[in-house]
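The values are calculated or read from the model by the stated rules, or taken from the named source; none is laboratory data. Fair warning: this is a prediction, and the values are worked out from it, not measured in the lab. In this analysis, Cβ positions are derived from the backbone assuming ideal geometry, glycine residues included, and neighbour counts consider all displayed protein chains.
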Amino acid sequence: MRYYARMAAAAALMASAFIPASVGAQDAKPQYGGELVLTGQLDKTMFPGRNTDAGGMDVYLNACENLVTMAADRTMQPALAKSWSLSDDQKTITFQLNEGIQFHDGTPFNAEAVAFVFNEALAKKFLYVSLLEGLEKVVADSEYQVSFKLSKPSAALIPNLAYRTMCIFSPTAYKAVGEEGLGSKIIGTGPFVVDSYVKGEHVRFKRNENYWQKGKPYLDSIRILFVPDVTTRLAMLESGDVDRAQGVPDFDIPRLQSEENLKVSTIPSLQQNYVVINNLKKPFDDPRVRQALNYAVDKAGIVKSVFAGTGATLSQAPTLTPGVFGFADMREPGKNTIFAYDVEKAKDLLKQAGYEDRNGDKVLENAQGEPLSLKLWTRKTGKGEYQIAQLIQAFLEKIGMKVELTVLESATFSASLSLGPQEAKYDLALLAWTVPTADPDEPMMYMTHTKAWKPAGANRMFFSHPETDRLAELAHAEPDQKKRAEYVRLWMAELLKQAPVIYLPTVNLTEAYRTYVHGAQYMPAGTYDATMAWIDKAAKKEQGISR
Amino acid sequence: MLKLILNRLAFMVVAGLLLLTFLFFLFHAIPGDPARLIAGDSAPEALVESIRQAYGLDQPLVTQYTTYMRRVLQGDFGLSNFSRQPVLQIVGPRLLNTAKLAGWSMLLAMSVSLLLGSLSAMYWDRPLDRGITAFSLAGICTPIFVTGILGIYFFGVHLRWLPIGGMSTWKHYIMPVMTLGLAQAAGFTRMVRACMIDALGRDFITTARSKGVPERTIVFKHGLRNALLPIITFFGLGLGHTLGGAAVAESIFNWPGLGRLMVDSILTRDLPLTQGCIFFFAMVFILVNLMVDLLYRWADPRLAND
């Protein structure tokens, strides 16, 4: 009996790990009032068009809302738009907007405002413009009806519109103060209004008394303190200076879990580490060699030693993570990850490709006697990237490759990995990619497609394969969800054969918060939505926190 | 005296312009593309190019340089590449915050070190001297990120006496100022002690003692005054260290100062902001040195006649 109870508890824990962390007791009644104090990181401007970082979104999502939102179950939900429809030729998407909404500056929210924001995004090339691919223009049909005109059908547009950076700001304010002005005081329709902002210090939002969703929000204000140092962040949470801290290091989790006033939650992110393989360089133009590289890396070992066993999850599919549309488990039966660690298989594949140890020096050579040596580049930022690179070096050396590991400063690294096929000098480089909108369109069309070779897109591998290109294009245009999911699955299956990169674990995100905070959501994209959060005042007082 | 001040101010202007020139070309010599960093790693080249054009980063280097310098001469340090706010607006308040932190820390460091160093010299080779020497050695050997984090956990998390990050109340000052100030005091104390031992060994001190002047007067009036010259120099140089240390303390205690801003701006290749930060740091440094020179003349009137 006890065994089953424990099993059930473990299963519940597992399940809770894979849904967005919904902070709070569902049965409790929300309480009004109070100030929620969070830690955050705003390095750039507060203007959505020029800041697509999770840290930026965490700030402006309090004040600025989207046409649609994506629920935890991956369905599209209305927000500022109450409904939408697709034309027969699939080249026009028409939105019906909610009526009677005002921006914080009193400007009415209507079709004209929506059209202005997106036409401006196209004209001024806002940072998210690549996610609007195929969008020609946006037209206000009437006061509350707006149409998005596409040059070719795109199934990705609606999910992309839920990306928090595509929120609708006040055109009046934009015209008056420009990007710079909105960069320090964003004006949208959201539940909170920017009250004060000091760059590098804090931003404070107060309740929007005219918010269109009656009875919301619950909090009087939200204060976000910018605390870049993680040790300081955690100390502030433990002392009660703040209510929530993000980016908890994996090795601190057990300690925080033991504190009764804190809750720690871990969710898989949309971010996967991977090693770019330069497909143009020999012998990496051979899929067998690329597959061998994949089999040679012990992914479970990486999760254990770099991420303390909890900070990352073994990948079940190439590029796509469980939160993304079309995700399917692509593991071989009985294996814990794709390309499960298999040294013999790796050696065998290399042998088929013509590489084996011919002179007994434990280094693989080709028929001409040239040793298989390669350059692996990494940077010292990101979650454990340098340690992962060191492990990969060791794994590849174990199967007889010579690996030269180079560590670059992050800005240098970024510049060196943004070069076209002629100039790129790396053989392998460790990176992480994120599926920002939880839609597979970006990885399909923009990360692996032939047209997306650097510098035009984000295909740094210079990978090119007619079948993956074809499937990507089909999925890009397909409005039928079932068919589209099937194209995505076929695309993933083809990637497993081609192995354009070395697939590594999916990074987990960990937050810790005071137990009296309820109703906030930590999303797989790394954004934290506390707009509908509330504070249990009695519990807060009990914990001795009086601010 | 006036001539010295004018000379130094003229030097400041020249040094500032040379520094900006040097930084400008240094920044362009190191790899890293600001437009790429603004757009994000996976942004398409067309977008990066449009940012390059919008920010004038596609212009020839010489054009960028002359445009920048012309603006600087008019008092305009440009806009930050990332936040698009005027550099002066960002740097001004940050400089003030760092000045507050460094100022209070220096004051603490100077008072503590003058007192402890003199006491140490007075009780040379006695238990008090050994105790003070041990304190200063420990202070010199312990980096401030260690003392800072220990302080945070002890006073902030466990005892909950002091707030951890920010600078909104006087309580917020205690930990960063103590951490930075005491670390600095440790080094200063050694210096004051050495100078005082030297001064107290001179003949005029022996004369004063034989005349029956009270020991306290001998040490703090005659001894200290004569030991002051090297001490002033050391304090002046020490301010440089304090500014450097402030960058670390600012990160630990989340102090919105110039040091942290500078480090961040270099990592993001935000050239206008980096230029602004380093320029004002340098100006502060030159001004402090000028003050040290003036203090020198006050402490040793012989110099003023040279």
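On the stretch given as the stretch B:109-142, residues that are over 17 Å from B:ALA183 (Cβ atoms) and touching a helix residue (DSSP H, G or I) at 6+ places or on another chain (Cβ under 7 Å) total 9. Considering the stretch B:207-306, the qualifying helices (runs of 4 or more DSSP H), each wholly inside and each with 1 or more residues that are more than 24 Å from B:MET12 (Cα to Cα), modelled with pLDDT under 85 and within 14 Å of chain A (Cβ to nearest Cβ), run over B:258-267. Of the listed requirements (1) more than 22 Å from A:LEU504 (Cα to Cα); (2) part of a loop (DSSP other than H, G, I, E, B), A:ALA411 misses just one: (2).
Please name all residue pairs, on different chains or six or more residues apart, with Cβ atoms under 6 Å, provided the first residue is in the stretch A:297-324 and is modelled with pLDDT of 90 or more and the second residue is of a type in the set (Ser, Thr, Tyr). Filtered contacts from the stretch A:297-324: A:ASP298/A:TYR341; A:LYS299/A:THR337; A:THR313/A:THR506; A:LEU314/A:THR337; A:SER315/A:THR337; A:SER315/A:TYR503; A:SER315/A:THR506; A:PRO318/A:TYR503. Note on the stretch A:478-515: residues that are over 30 Å from A:ALA235 (Cα atoms) and of a type in the set (Val, Ile, Thr) total 3. When the stretch A:435-486 is filtered for residues that are of a type in the set (Phe, Trp, Tyr), farther than 18 Å from A:MET330 by Cβ and more than 20 Å from the chain's Cα centre (by Cα), the ones remaining, listed by number, are A:TRP453, A:PHE462.
Any idea which of A:GLU180, A:GLU209 is more than 25 Å from the chain's Cα centre (by Cα), among the charged types (D, E, K, R) and within 14 Å of chain B (Cβ to nearest Cβ)? None of the others qualify; the one that does is A:GLU180. In the stretch A:65-151, counting only strands (runs of 3 or more DSSP E) that sit wholly within it, none holds 2 or more residues that are without any contact (Cβ under 8 Å) to a residue 60 or more places away in the chain and within 14 Å of chain B (Cβ to nearest Cβ). In this structure, does A:ILE168 turn out to be touching a Cys at 6+ places or on another chain (Cβ under 8 Å) and farther than 30 Å from A:SER87 by Cβ? So A:ILE168 fails the test. The number of residues in the stretch A:166-205 that are of a type in the set (Ser, Thr, Tyr), in a helix (DSSP H, G or I) and buried (at least 24 other Cβ atoms within 10 Å of the Cβ) comes to 0. When A:LYS383 is tested against (1) in contact (Cβ under 8 Å) with a residue 60 or more places away in the chain; (2) charged (D, E, K, R); (3) assigned to a strand (DSSP E or B), only condition (3) is not met.
Report yes if some residue within the stretch A:463-484 is closer than 30 Å to A:LYS304 by Cβ and not basic (Lys, Arg); otherwise report no. First the steps, then the outcome.
Just the residues of the stretch A:463-484 that are closer than 30 Å to A:LYS304 by Cβ, to begin with: A:463.
Next, only the ones that are not basic (Lys, Arg) stay: A:463.
Yes, the stretch A:463-484 has at least one match.
How many of the residues in the stretch B:70-95 are aliphatic (A, V, I, L, M) and more than 12 Å from chain A (Cβ to nearest Cβ)? Summing the residues that are aliphatic (A, V, I, L, M) and more than 12 Å from chain A (Cβ to nearest Cβ) in the stretch B:70-95 gives 4. In the stretch A:420-431, which residue that is more than 9 Å from chain B (Cβ to nearest Cβ) and under 26 Å from A:ILE302 (Cβ atoms) is surrounded by the fewest Cβ atoms within 10 Å (Cβ to Cβ)? Here the answer is A:LYS425. Checked against the criterion of being within 14 Å of chain B (Cβ to nearest Cβ), within 17 Å of A:GLY49 (Cα to Cα) and touching a residue at least 12 places away in the same chain (Cβ under 8 Å), the candidates A:TYR174, A:TYR197 yield just one match: A:TYR174. Residues that are more than 7 Å from every other protein chain (Cβ to nearest Cβ) and at pLDDT 90 or above were ranked within the stretch A:226-239; the one that is farthest from A:PHE205 (Cα to Cα) is A:LEU234.
For the structure I just gave you, tell me whether B:LEU228 is out of contact with any strand residue (DSSP E or B) (no Cβ under 7 Å at 6 or more places or on another chain) and in contact (Cβ under 8 Å) with a residue 60 or more places away in the chain. Taking the combined requirement at face value, the residue satisfies it. Restricting B:ALA29, B:ALA39, B:ALA46 to those that are over 17 Å from B:LEU273 (Cβ atoms), surrounded by fewer than 19 Cβ atoms within 10 Å (Cβ to Cβ) and within 9 Å of chain A (Cβ to nearest Cβ) reduces the list to B:ALA46. A:LEU417 meets the stated requirement of being surrounded by 18 or more Cβ atoms within 10 Å (Cβ to Cβ) and within 14 Å of chain B (Cβ to nearest Cβ). Within the stretch B:149-171, the residues that satisfy the criterion of being free of Cβ contacts under 8 Å to residues at least 24 places away in the same chain, within 11 Å of another protein chain (Cβ to nearest Cβ) and under 19 Å from A:SER546 (Cα atoms) are B:PHE155, B:GLY156, B:VAL157, B:HIS158, B:LEU159, B:ARG160, B:TRP161, B:LEU162, B:PRO163, B:SER168. Provide a single number: the residues in the stretch A:506-518 that are crowded, with 22+ Cβ neighbours inside 10 Å and assigned to a loop (DSSP other than H, G, I, E, B). The total comes to 1. Does B:ARG202 qualify as being among the basic types (Lys, Arg) and either within 23 Å of the chain's Cα centre (by Cα) or farther than 29 Å from B:ALA102 by Cα (or both)? When the stated conditions are applied, B:ARG202 passes them.
Okay, residues lined up against (1) within 21 Å of the chain's Cα centre (by Cα); (2) assigned to a helix (DSSP H, G or I); (3) farther than 30 Å from A:GLN41 by Cα; (4) at pLDDT 90 or above:
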residue	(1), (2), (3), (4)
B:VAL14	no, yes, yes, yes
B:PHE27	no, yes, no, no
B:ALA35	no, yes, no, no
B:ILE51	no, yes, no, no
B:LEU101	yes, yes, no, yes
B:TRP104	yes, yes, no, yes
B:LEU107	yes, yes, yes, yes
B:SER113	yes, yes, yes, yes
B:GLY117	no, yes, yes, yes
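Quick one: would you say A:GLU259 is away from every other protein chain (no Cβ under 14 Å), assigned to a loop (DSSP other than H, G, I, E, B) and of a type in the set (Asp, Glu)? No. The residues on offer are B:GLY56, B:GLY16, B:GLY32, and the sole one that is of a type outside the set (Lys, Arg) and either under 16 Å from A:SER418 (Cβ atoms) or touching a Gly at 6+ places or on another chain (Cβ under 6 Å) (or both) is B:GLY32. Within the stretch A:439-469, if we keep just the residues that are facing another protein chain (nearest Cβ under 10 Å) and assigned to a loop (DSSP other than H, G, I, E, B), the residue that is surrounded by the most Cβ atoms within 10 Å (Cβ to Cβ) turns out to be A:ARG460.
Among the residues making up the stretch A:287-311, a single one is over 25 Å from A:VAL403 (Cα atoms) and surrounded by 18 or more Cβ atoms within 10 Å (Cβ to Cβ): A:GLY311.
For the stretch B:65-99, taking the residues that are part of a helix (DSSP H, G or I) and of a type in the set (D, E, K, R), the one that is surrounded by the most Cβ atoms within 10 Å (Cβ to Cβ) is identified as B:ARG94.
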